[in-house]
Amino acid sequence: MNEEARRETLIAGCRWFAESAFSPGTSGNLSVRVPGGSAGAFLVTPAGVPWEAITAEGLVMVDGAAGPPPDTTPSSEWRLHAAIYHNRPDVGAVVHAHPRAATAVSCLRRPIPAFHYMVAQAGGAEIPCAPYATFGTQSLAESVAGALGTTYRACLMANHGLVAVGADLNGALGLARAVEALADQYLAALAAGDPILLDEAEIGRVLKQFAVYADHPAPATPLTMTEGSAREPGARPPGPLAVEAPGGSLWDDPPPNPEHEPPLVLLAHGSREPAWKDPLLDVAEQLGRQRGRAVRVAFLQFDRPDLPTLAAELRREGIDRIDLIPVFYAAGRHLNDDVPALVAQLEAEGTSVEVLDAPGELEEFGDVLLTLLGRIAAG
Ligand SMILES: [Zn+2]
């Protein structure tokens, strides 16, 4: 990844923060490691700029040893990012945020225990809580780096919020969202009673299971970020990323006679950014190989082939029947609205279309990819 792509990745993360209301106001900050530069260099979001106003040029390059250049204003928590990169060569991106539920649990100054097996996503039998220190200080940086140690991928920060790390920004962001979902569930369980905790042996089994997923890594480009299209006011923000593949009948059974099945066409919103498009194409190809079924991708905007173009191509190959799955993400509602008209157009042009429901949880790009990958991993 070159520097431009790295900056674009961070900006995509900023857009997601702007749209999702995950962290209130201008709270939170993101960074990605810059390899090849001076030891521990990283790009971080600037201080005090609203998420939607952060530009690629406004991101600040910080040298882990020398600190930020004198004329720049990196996030007040740049020391925290520096300390994590210094301690953890495995970390390529850091997300810090103040989401509602995780911040609430952090104010109890307690870890999120193994009330649910998914806490193991953070790397151990609990999600630790770093001791309190004043924001922006070296003490806080050391507290958080200490809580993460060499194995944890996320922690709460007492009376403050959370930190999640990953090999790339997508991983860190997905984990931050997963921790917030767990914190929310933990608070609900605490409000209802005394949650029964899983024991060490069970968490050990879960960690082993997760390692199986790690053997099937996702494509190395963002899976979870939305494209930046307008979100309806009050609309549901993107849901937590699950390690599990959501259920759904579509992928469960191989077609009885794959050669006679019409091609499966995934209709996605489209993007000018190859980092978002390539993983879908890649996974569609893997899926096709795995299932012995032709899988094609069409786009609604920006990209070719769009759906009518693809259908025309297929007709030239003698294929006049497709199974269509609208792949929803941020702009899903609009895509959903467009489907009937597109189907009518295709039918008029001589392609018959069966619209299949994607498994229910597939409401955004990242979930689609993770689902497909999960299915592939599960064989
Ligand atoms: Zn903060």
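The values are calculated or read from the model by the stated rules, or taken from the named source; none is laboratory data. From a predicted model like this one, the values you see are computed outputs, not experimental measurements. Cβ: placed from backbone, ideal geometry, glycine included. Neighbour counts: every protein chain shown. Please note that ligands, DNA and RNA were not included when accessible areas were found on the heavy atoms of the full protein model with its side chains. Shrake-Rupley method; radii C 1.70, N 1.55, O 1.52, S 1.80 Å.
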Could you tell me which numbered condition residue 33 fails, if it satisfies all but one of (1) open to solvent by less than 10 Å² (accessible area, probe 1.4 Å); (2) touching a strand residue (DSSP E or B) at 6+ places or on another chain (Cβ under 7 Å)?
(1)
Here is a check on your reading of the model: is residue 148 out of contact with any strand residue (DSSP E or B) (no Cβ under 7 Å at 6 or more places or on another chain) and at negative phi?
no
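Matching residues to (1) away from the ligand (no atom under 15 Å from the Cβ); (2) on the phi > 0 side of the Ramachandran plot; (3) of a type in the set (Gly, Ala, Ser):
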| position | (1), (2), (3) |
| --- | --- |
| 112 | yes, no, no |
| 132 | no, no, no |
| 139 | no, no, yes |
| 152 | yes, no, no |
| 156 | no, no, no |
| 160 | no, no, no |
| 167 | yes, no, yes |
| 174 | yes, no, yes |
| 181 | yes, no, yes |
Just checking, which of 145, 102 is open to solvent by less than 60 Å² (accessible area, probe 1.4 Å), away from the ligand (no atom under 12 Å from the Cβ) and of a type in the set (A, V, I, L, M, F, W, C)?
145
Among helices (runs of 4 or more DSSP H) entirely within the range 257-366, at least 1 residues that are hydroxyl-bearing (Ser, Thr, Tyr) and either farther than 24 Å from residue 19 by Cα or modelled with pLDDT of 60 or more (or both) occur in 307-316
How many residues, within the range 16-30, are in contact (Cβ under 8 Å) with a residue 60 or more places away in the chain, surrounded by fewer than 23 Cβ atoms within 10 Å (Cβ to Cβ) and of a type in the set (Ser, Thr, Tyr)?
2
Test: residue in the range 8-28 that is in contact with a strand residue (DSSP E or B) (Cβ under 6 Å, 6 or more places away or on another chain), of a type in the set (S, T, N, Q), assigned to a loop (DSSP other than H, G, I, E, B) and more than 14 Å from the ligand (Cβ to nearest atom):
no
Right, residue 120: at pLDDT below 95, within 23 Å of residue 182 (Cβ to Cβ) and surrounded by 20 or more Cβ atoms within 10 Å (Cβ to Cβ) or not?
yes
Of the candidates 153, 177, the one satisfying the condition of being open to solvent by 50 Å² or more (accessible area, probe 1.4 Å) and either touching a Gly at 6+ places or on another chain (Cβ under 8 Å) or within 13 Å of residue 96 (Cα to Cα) (or both) is 153
Filtered residues of the range 66-90 (kept if under 18 Å from residue 130 (Cα atoms) and away from the ligand (no atom under 11 Å from the Cβ))
78, 79, 81, 82, 83, 84, 85, 86, 87, 88
From (1) without any contact (Cβ under 8 Å) to a residue 60 or more places away in the chain; (2) part of a helix (DSSP H, G or I); (3) buried (at least 23 other Cβ atoms within 10 Å of the Cβ), pick out the condition that doesn't hold for residue 86.
(3)
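Determine if the range 139-146 includes at least one residue that is touching a residue at least 12 places away in the same chain (Cβ under 8 Å), of a type outside the set (A, V, I, L, M) and in a loop (DSSP other than H, G, I, E, B).
no
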Which one is nearest to the chain's Cα centre (by Cα), of the residues in the range 36-53 that are more than 16 Å from the ligand (Cβ to nearest atom), assigned to a loop (DSSP other than H, G, I, E, B) and in contact (Cβ under 8 Å) with a residue 24 or more places away in the chain?
40
Scan the range 89-99 for residues that are part of a loop (DSSP other than H, G, I, E, B) and open to solvent by less than 10 Å² (accessible area, probe 1.4 Å) and report the count.
2
Identify the residue in the range 58-80 that is touching a residue at least 12 places away in the same chain (Cβ under 8 Å) and among the charged types (D, E, K, R) and, among all such residues, is surrounded by the fewest Cβ atoms within 10 Å (Cβ to Cβ).
63
